[in-house]
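J.: Have a look at this one before I ask anything.
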Amino acid sequence: MEDFSVFDIIGPRMTGPSSSHTAGAVRIAYIARKLIGAEISRVHFTLYGSFAETGRGHGTDKALIGGILGFSPDDERIPHAYELAMDQGVQVAFTYSDAPADHPNTVKIEIVDINDRKMEVVGRSVGGGNILITEINEQAVELSGDYPTLIISHRDEPGVIAIVSQVLAQLKVNIAFMRVFRHGRGRDAYMCIETDTPVTKEMQAIIRQLCSGITDMFAV
Amino acid sequence: MQLMEAFENGASLCQYCMAENCTIAEAMIRREVSRGEMMRDTVMEEMRKNLEVMREAVRIGLEEHVETVSHLSGGEARRLFLYAKYDPFSGGNTCRAAASAMAVCEVNSSMGRIVAAPTAGASGILPGVLIECGMERNWTDDQLIQGLFTAGAVGLLFAQNATISGADGGCQAETGVASAMAAAAIVELSGGTPEQALDAAAITIKNIMGLVCDPVAGLVECPCIKRNALGAANALLCADMVLCGITSLIPFDEVVSAMLQVGRDIRKEYRETAKGGLATTPTGKAVAEKVRRFQSYSGEY
């Protein structure tokens with residue numbers, strides 16, 4: 001059973017008009033922005049299901065752009081997101097897809113940053129402004145964005161998980177939830193670690209230094 | 001009984017309140033504190049902030065010129081509120097609560113700031129009812145905040161044991177649950193027992209069970225705004241029924257499961273996809289087309 005807070009019910013405070021179509025959309029795009037961790041030059045959003053059917057009317061497009069620009073769901077600038085994106089030199093494009101999706105409110109976000117690094121994030125808005133990121137760079141993950149999250153891609157070999165969790169313990173970062181995923185034995189693997197306190201850039205550098213199996217790391 | 005177990009369903013919540021001799025609102029506050037993320041003061045402060053945003057949304061919707069992005073609605077809340085002076089059939093209090101609920105929705109549809117309760121589409125009902133009744137009965141902000149916690153507890157039971165999403169369960173899951181939350185809140189604020197508060201919530205849902213989500217042009221405007229007005233009236237009526245001693249034949253928990261079952265049986269066309277009901281009437285389709293053309297004309301898409 002999901003552990004709801006009273007503020008999941010009375011809340012969030014947000015810009016209208018729809019908790020799943022605006023607040024949730026802002027949060028998914030905001031996480032995508034944090035994951036790429038650099039200035040963004042282009043974004044392509046592909047909307048599926050009800051996002052594609054009714055997204056325009058709900059201002060889901062503005063909400064997604066708002067998230068990419070780093071706004072929170074109650075930011076009063078969201079209605080002006082198109083103009084603000086243009087001012088900041090962020091190119092945006094939308095595709096409203098009729099392809100089937102696992103969940104009615106799904107969006108795929110393809111981002112290119114100013115260094116030409118590409119990233120693809122898939123997320124769903126699961127109601128009441130709550131979200132789930134389900135894919136990062138075609139790798140299945142599960143992250144809610146409710147906690148600071150560290151995502152590590154690494155080689156699937158013994159000891160990597162142990163080192164990471166040991167380093168976090170020494171840095172006094174408590175792990176709330178942790179999931180591991182892999183493409184296959186000995187191939188690329190991912191760790192998705194939700195923590196009570198954020199893992200700072202310095203901490204990330206320490207983890208990288210101590211653990212040679214890590215190929216990439218993102219923090220939200 | 002453990003605090004977390006208390007929130008498994010309505011029956012366990014009533015049992016907990018009876019054993020602890022406390023209100024649903026107090027149980028809700030304790031549970032929130034026990035989650036360990038916020039101290040009691042912060043929890044109360046957070047809810048106070050929600051109340052402030054709610055009150056401001058009601059004020060803006062009733063006093064300022066509100067125009068929605070689609071230009072489909074706006075100004076109707078204010079019209080109903082002013083009319084409430086002239087001996088309305090639904091009674092002044094009901095009429096003003098309904099108008100206040102619409103006010104928040106109009107602000108919501110113009111991409112203004114609101115508090116989802118439990119969702120944005122149903123965000124007018126709880127502030128509409130609480131703020132109007134609060135003014136009528138001189139309830140303090142502290143009392144209104146207690147009411148918000150009672151409402152939160154009821155919404156949480158629906159979220160856990162059924163759904164609060166229109167895409168999953170239709171409009172009954174959004175405006176229905178919002179009305180149930182509001183009804184329980186004013187019953188408890190008026191001295192009703194936890195059982196009475198949940199009975200009011202149960203009757204409120206029974207009254208609109210099966211209500212579909214069929215937004216014209218996919219927007220949170222028609223019929224959503226007027227259904228928030230109805231939701232406010234439904235909450236007030238059910239609270240009155242319970243406070244005069246009427247009970248719900250079907251217990252709260254059974255109503256919650258019935259609502260979930262009905263929600264699952266509602267076809268996808270009637271769950272927020274704008275593919276059925278009012279959305280596909282000739283006028284509904286014409287409006288959708290107009291909105292689409294307006295949007296492409298404004299060059300944003």
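J.: In the list B:L198, B:L156, which residue meets the criterion of being away from chain A (no Cβ under 12 Å), open to solvent by less than 20 Å² (accessible area, probe 1.4 Å) and touching a Phe, Trp or Tyr at 6+ places or on another chain (Cβ under 6 Å)?
T.: Of B:L198, B:L156, the one residue that is away from chain A (no Cβ under 12 Å), open to solvent by less than 20 Å² (accessible area, probe 1.4 Å) and touching a Phe, Trp or Tyr at 6+ places or on another chain (Cβ under 6 Å) is B:L198.
J.: Taking B:A101 and the conditions (1) within 12 Å of another protein chain (Cβ to nearest Cβ); (2) of a type outside the set (D, E, K, R); (3) within 16 Å of the chain's Cα centre (by Cα), which numbered condition does it fall short on, given that it satisfies the others?
T.: Single failed check for B:A101: (1).
J.: Going residue by residue through region B:67-90, is there one that turns out to be without any contact (Cβ under 8 Å) to a residue 60 or more places away in the chain, open to solvent by 10 Å² or more (accessible area, probe 1.4 Å), of a type outside the set (D, E) and within 30 Å of B:E8 (Cα to Cα)?
T.: Looking for residues that are without any contact (Cβ under 8 Å) to a residue 60 or more places away in the chain, open to solvent by 10 Å² or more (accessible area, probe 1.4 Å), of a type outside the set (D, E) and within 30 Å of B:E8 (Cα to Cα), one finds none in region B:67-90, hence no.
J.: While we're on this one: Return only the number of the condition from (1) surrounded by fewer than 21 Cβ atoms within 10 Å (Cβ to Cβ); (2) at pLDDT 95 or above; (3) among the polar types (S, T, N, Q) that B:N228 does not satisfy.
T.: Among (1) surrounded by fewer than 21 Cβ atoms within 10 Å (Cβ to Cβ); (2) at pLDDT 95 or above; (3) among the polar types (S, T, N, Q), the lone unmet condition for B:N228 is (1).
J.: Given the condition in contact (Cβ under 8 Å) with a residue 40 or more places away in the chain and either among the small types (G, A, S) or more than 14 Å from chain A (Cβ to nearest Cβ) (or both), answer yes or no: does some residue in region B:214-222 qualify?
T.: Looking for residues that are in contact (Cβ under 8 Å) with a residue 40 or more places away in the chain and either among the small types (G, A, S) or more than 14 Å from chain A (Cβ to nearest Cβ) (or both), one finds at least one in region B:214-222, hence yes.
J.: Among (1) modelled with pLDDT of 95 or more; (2) over 17 Å from the mean Cα position of the chain (by Cα); (3) of a type in the set (D, E), where does A:D102 come up short?
T.: If we test A:D102 against (1) modelled with pLDDT of 95 or more; (2) over 17 Å from the mean Cα position of the chain (by Cα); (3) of a type in the set (D, E), just (1) comes out false.
J.: Taking helices (runs of 4 or more DSSP H) that do not extend beyond region A:1-117, which have at least 2 residues that are within 23 Å of A:D146 (Cβ to Cβ), open to solvent by less than 10 Å² (accessible area, probe 1.4 Å) and more than 10 Å from chain B (Cβ to nearest Cβ)?
T.: The qualifying helices (runs of 4 or more DSSP H) are A:24-36, A:60-68.
J.: Here's something else I'd like to know. Run B:D41 past the list (1) farther than 21 Å from B:P127 by Cα; (2) modelled with pLDDT under 95 and report the number of the one that doesn't hold.
T.: Of the numbered conditions (1) farther than 21 Å from B:P127 by Cα; (2) modelled with pLDDT under 95, the odd one out for B:D41 is (2).
J.: May I ask you to say which residue of B:A232, B:A239, B:A217, B:A274 is closer than 30 Å to B:V187 by Cα, of a type in the set (A, V, I, L, M, F, W, C) and touching a Gly at 6+ places or on another chain (Cβ under 6 Å)?
T.: Result of the check over B:A232, B:A239, B:A217, B:A274: B:A232.
J.: Turning to a different aspect of this structure: Output the number of the condition that B:G121 fails; it satisfies all remaining conditions of (1) at pLDDT 95 or above; (2) crowded, with 24+ Cβ neighbours inside 10 Å; (3) outside any helix (DSSP H, G or I).
T.: Just one mismatch for B:G121, condition (1).
J.: What about B:L230, is it under 30 Å from B:V291 (Cα atoms) and either out of contact with any Leu (no Cβ under 8 Å at 6 or more places or on another chain) or of a type in the set (D, E, K, R) (or both)? Show your work before the answer.
T.: Working: under 30 Å from B:V291 (Cα atoms): yes; either out of contact with any Leu (no Cβ under 8 Å at 6 or more places or on another chain) or of a type in the set (D, E, K, R) (or both): yes.
Against the criterion (under 30 Å from B:V291 (Cα atoms) and either out of contact with any Leu (no Cβ under 8 Å at 6 or more places or on another chain) or of a type in the set (D, E, K, R) (or both)), B:L230 qualifies.
J.: Is it the case that region B:174-182 has a residue that's of a type in the set (G, A, S) and facing another protein chain (nearest Cβ under 9 Å)?
T.: Scanning region B:174-182, I find no residue that is of a type in the set (G, A, S) and facing another protein chain (nearest Cβ under 9 Å), so the answer is no.
J.: So B:E136 clears everything in (1) free of Cβ contacts under 8 Å to residues at least 40 places away in the same chain; (2) surrounded by fewer than 24 Cβ atoms within 10 Å (Cβ to Cβ) except one condition, right? Which one?
T.: (1)
J.: Here's another thing I want to ask about it. Quickly run through region B:29-52 and pick out the residues that are open to solvent by 10 Å² or more (accessible area, probe 1.4 Å) and in contact with a helix residue (DSSP H, G or I) (Cβ under 8 Å, 6 or more places away or on another chain).
T.: Passing the criteria: B:R30, B:V33, B:S34, B:M38, B:M39, B:R40, B:M44, B:E46, B:R48.
J.: So, one more: From the set of residues in region A:31-74 that are at pLDDT 95 or above and of a type in the set (S, T, Y), which is farthest from the chain's Cα centre (by Cα)?
T.: A:S41
J.: Condition test on B:D142, is it in a helix (DSSP H, G or I), among the charged types (D, E, K, R) and in contact (Cβ under 8 Å) with a residue 24 or more places away in the chain?
T.: No, not satisfied.
J.: State yes or no: is A:S125 in contact with a strand residue (DSSP E or B) (Cβ under 6 Å, 6 or more places away or on another chain), in the same structural domain as A:G37 (by TED's automatic domain parsing) and small (G, A, S)?
T.: Yes: the conditions hold for A:S125.
J.: Find all pairs meeting these conditions: Cβ atoms under 6 angstrom apart; at least six residues apart or on different chains; first residue within region A:187-211 and assigned by TED's automatic domain parsing to the domain that holds A:K172; second residue of a type in the set (F, W, Y) and assigned to a strand (DSSP E or B).
T.: Correct list of pairs: A:Y190/A:F181; A:E194/A:F177.
J.: Here is a further query. For region B:126-154, how many residues meet the condition of being within 19 Å of B:I205 (Cβ to Cβ) and in contact with a Leu (Cβ under 9 Å, 6 or more places away or on another chain)?
T.: 8
J.: Another one. Please indicate, with yes or no, whether at least one residue in region A:127-140 is farther than 21 Å from A:S19 by Cβ and within 14 Å of chain B (Cβ to nearest Cβ).
T.: no
The values are calculated or read from the model by the stated rules, or taken from the named source; none is laboratory data. On a predicted model such as this, the values are computed, not experimentally measured, just so you know. With ideal geometry, Cβ positions are generated from the backbone for all residues, glycine too; neighbour counts draw on all protein chains shown. All accessible areas refer to the heavy atoms of the entire protein, side chains included, with ligands and DNA or RNA removed. Shrake-Rupley method; radii C 1.70, N 1.55, O 1.52, S 1.80 Å.
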